[in-house]
Structures are given as C-alpha cells and as structure tokens.
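Step one of this worksheet: look at the structure below.
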Amino acid sequence: MSLSADSARVHVRAPGKINVFLEVGEVQEDGYHDVASAYQAVSVFEDVWATTADEITIAVSGTVDLAQVPQDDRNLAVRAARLLAQEAGWRGGVHLDIRKGVPVAGGMGGGSADAAAALVACDALWGTGLSVHELHELGARLGADVPFALMGGTAVGMGRGDELSPALARGRFDWVLVTHAFGLSTPEVYAALDAHRSRYALDIAPPRRRPVVEADVLHALRAGDAAMLAEAARNDLQVAALALRPELATVLAEGERAGALAGIVSGSGPTLAFLAADREAAIELQVLLSAAGHTALHVHGPVPGARIVD
Ligand code: ATP
C-alpha cells in the first residue's frame, strides 16, 4: 500500500496474543524448538505512529512498565524498519512513536507486535508496496511471533511457530489476563523446560513425536465453545514458567477458584490467561482478581492483526 506524500503520518495498531495451546518438541539445528501452537490475537494493543524522518528513530511510551524496552537499534520495531528499508532499497528514515499496551516480557508477543506494526506502517509510508506474503517473510526473519502479529485472528503455527495457517474460530472468547511486575525471558523458560525434561526423562522413554495441535483444540475453536476449549488448552512451557516462578501456581489456583473455566500461562509467561464462560463471567472474574490485589485485565479474541487505523 502507498500514501500520497502529504499524508505523511501512518497509525498502525497490532495485537498481543495468547497461545491457547503450545506443544514443544525437540531443539532443532537452528537452536529453536520445534513447536505446534494455536494462537489467538486478543484486544490488548500496540499503537505505532510512523512519520518521515532522515534517520530511523523511536520514542516509546505506554501503559505498561517500559524499563526493559530497548530504545536503540535492538528494539524490534527499529530492526523491522531497517530490514524493510534494506529490502526495498529505501534511503530515507522514519520516526516511530510506539505506545505499548501489551505487558513487556509477558509472553504475549508485544515486541513482535511492534515489529509487525512497524513493517505495515513503513510499507505504507514509504510506498514500498510489498505483498502480504513478502511482509510475512520479512516478519519471520525478525522473530517467530511476528508473522502471527501480522495475521491476527486465530491460527495454527508450526515449526518455530511461524509456519502459519488460519484456524476457523466462531464467536468470541473472553479472557482475563493477570500481569506481573516481573518478566520472564523466553530463552530461559525454554532452557528450564529442557532441564526439567532431562531430569525426569526415563532411559526407556519412547522418542518424542513431532508436536501437533490436538484436534480437540481446533474443534473447540471452530465451535466457539469456551468450556470445551478450557478442557483442551495446554501449554508445555507452563511447567518451566512455574518452576522459575512458583508463586504463579497460587495465582492460577486463585483464578480457577474465582470462576475461571481454566487458567494457563501465556506463552513463556509470566502473564496468566484465564478463560471465562462469557463476557459477564469475565467481568466478574476481573473484579474478583483485582479485589484480591492482582493486575487483571478483561480482553477478548480473536481480533485482527496489524492494521492501518484511519
Ligand atoms: P517473546 O516474543 O520473546 O516471547 P514476550 O512476548 O515475552 O517475548 P516482549 O514484550 O515481546 O515479550 O519482549 C521480550 C524482550 O524483547 C524484552 O525484554 C526486550 O528486551 C526485547 N524487546 C525488543 N524490542 C522490544 C519492543 N519493541 N517491545 C518490548 N520488548 C522489546
């Protein structure tokens, strides 16, 4: 997509995600684990405003703790803009105003959403006119969760999580997110999972199969059935996140006692996602968890991927 030179400000909104299912297989030669995941984009957003500039610069603000967000070339949004400029042969720059709403290092793909938003915004601002497929390919080079932040909705991700196919999902699912003041590093959580598995593996254990998203998960999404999804939701990284932060187990139990159909660690955590029966049940759950002293947020999914906002 391209813009006329005088409308030189583009606003793009990209969502955070929940892994409603995540099965983790073996480590591959590239150092990534083979995974099978069902993603859902939820209504917590990153907003990025792009304006023309001589260099590539950013300013970061937001409603979440920003202490861990790099403000330099390590920021995923800057890396996305640089990659697109290089691929498109663009000589100019961009200023990216990033407003973060997704908890940082929370397992909800906030950095990936910024990268997706930056790709869409710079593509429009610079008139590079890349196809959706080309943007997805660039996104995958930036990080395994970036293609899903571009696509949004509900999808199955295989390989590193970036081999995506849309999944049919009916209706809306209501979630309550409990965020934490601390973050968890995704590589550390995967390392803790590997350590846990080697500690508990039996010598005679059968070889692990390639990961798959279980049919019950796809069925529940297709049926729009929250109770069925609650039964089928699973995250292999949960055991590792709980080993690193045992207090998360107490909060999971608290949410289920307060009426959640299920509680699950989101991605590599520490954000916890509680599935509610419907909108009213989610409001009630959010009130109860907030009253108990937690930072609880009612969101819903699926929502679209990175999009230009008028
Ligand atoms: P992952 O995508 O690794 O699963 P996450 O969803 O748990 O991560 P993010 O908020 O995406 O968490 O950030 C993970 C780390 O990435 C941060 O601690 C930070 O150092 C780095 N990072 C780079 N760019 C960004 C960005 N734009 N926003 C947030 N973090 C960023």
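The values are calculated or read from the model by the stated rules, or taken from the named source; none is laboratory data. Just so it is clear, the model here is predicted, and its values are computed rather than measured. Glycine also receives a Cβ, built like all others from the backbone with ideal geometry; neighbour counts cover every protein chain displayed.
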Before we move on, is Ala215 at pLDDT 95 or above, crowded, with 20+ Cβ neighbours inside 10 Å and among the small types (Gly, Ala, Ser)? no
Conditions (1) touching a strand residue (DSSP E or B) at 6+ places or on another chain (Cβ under 8 Å); (2) surrounded by fewer than 22 Cβ atoms within 10 Å (Cβ to Cβ); (3) of a type in the set (Asp, Glu); number of the one not met by Asp114: (2)
What residue, of Ala113, Ala81, is within 11 Å of the ligand (Cβ to nearest atom) and of a type in the set (Gly, Ala, Ser)? Ala113
Can you give me the ranges of the strands (runs of 3 or more DSSP E) entirely in segment 228-310 with at least 1 residues that are of a type outside the set (A, V, I, L, M, F, W, C) and modelled with pLDDT of 95 or more? 262-265, 295-301, 307-309
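Just to be sure before I move on: is Gly16 within 21 Å of Gly106 (Cβ to Cβ), of a type in the set (Gly, Ala, Ser) and surrounded by 23 or more Cβ atoms within 10 Å (Cβ to Cβ) in the structure I sent?
yes
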Residues in segment 107-134 that are over 17 Å from the mean Cα position of the chain (by Cα), aliphatic (A, V, I, L, M) and over 23 Å from Asp54 (Cα atoms): how many? 1
Ala220 fails exactly one of (1) more than 26 Å from Ile283 (Cβ to Cβ); (2) in contact with an Asp or Glu (Cβ under 9 Å, 6 or more places away or on another chain), namely (1)
Just the residues that are without any contact (Cβ under 8 Å) to a residue 60 or more places away in the chain, within 16 Å of the ligand (Cβ to nearest atom) and either under 12 Å from the mean Cα position of the chain (by Cα) or surrounded by fewer than 21 Cβ atoms within 10 Å (Cβ to Cβ) (or both), please, taken from segment 135-151. Ala140, Arg141, Pro147
Conditions (1) of a type in the set (Val, Ile, Thr); (2) surrounded by 15 or more Cβ atoms within 10 Å (Cβ to Cβ); (3) assigned by TED's automatic domain parsing to the domain that holds Gly263 -> Thr154 fails only (3)
Between a first residue in segment 57-68 that is more than 11 Å from Ile98 (Cβ to Cβ) and a second residue that is within 8 Å of the ligand (Cβ to nearest atom) and in a strand (DSSP E or B), which pairs have beta carbons less than 9 Å apart while being 6 or more apart in sequence or on different chains? Thr63/Lys100; Val64/Lys100
Would a scan of segment 161-174 turn up a residue that is of a type in the set (Lys, Arg), closer than 18 Å to Val303 by Cβ and within 14 Å of the ligand (Cβ to nearest atom)? no
Considering only residues that are near the ligand (Cβ under 10 Å from one of its atoms) and surrounded by 18 or more Cβ atoms within 10 Å (Cβ to Cβ), which ones fall in segment 175-185? Gly183, Leu184
Test: residue in segment 194-201 that is of a type outside the set (Gly, Ala, Ser), crowded, with 21+ Cβ neighbours inside 10 Å and more than 16 Å from the ligand (Cβ to nearest atom): no
Selection over segment 97-110 where residues are near the ligand (Cβ under 6 Å from one of its atoms) and surrounded by fewer than 24 Cβ atoms within 10 Å (Cβ to Cβ) yields a count of 2
Checking Pro70 against (1) more than 9 Å from the ligand (Cβ to nearest atom); (2) surrounded by fewer than 21 Cβ atoms within 10 Å (Cβ to Cβ), only one condition comes out false. Which one? (1)
Go through the residues of segment 35-48 one by one and say whether even a single one is surrounded by fewer than 16 Cβ atoms within 10 Å (Cβ to Cβ) and in the same structural domain as Ala149 (by TED's automatic domain parsing). no
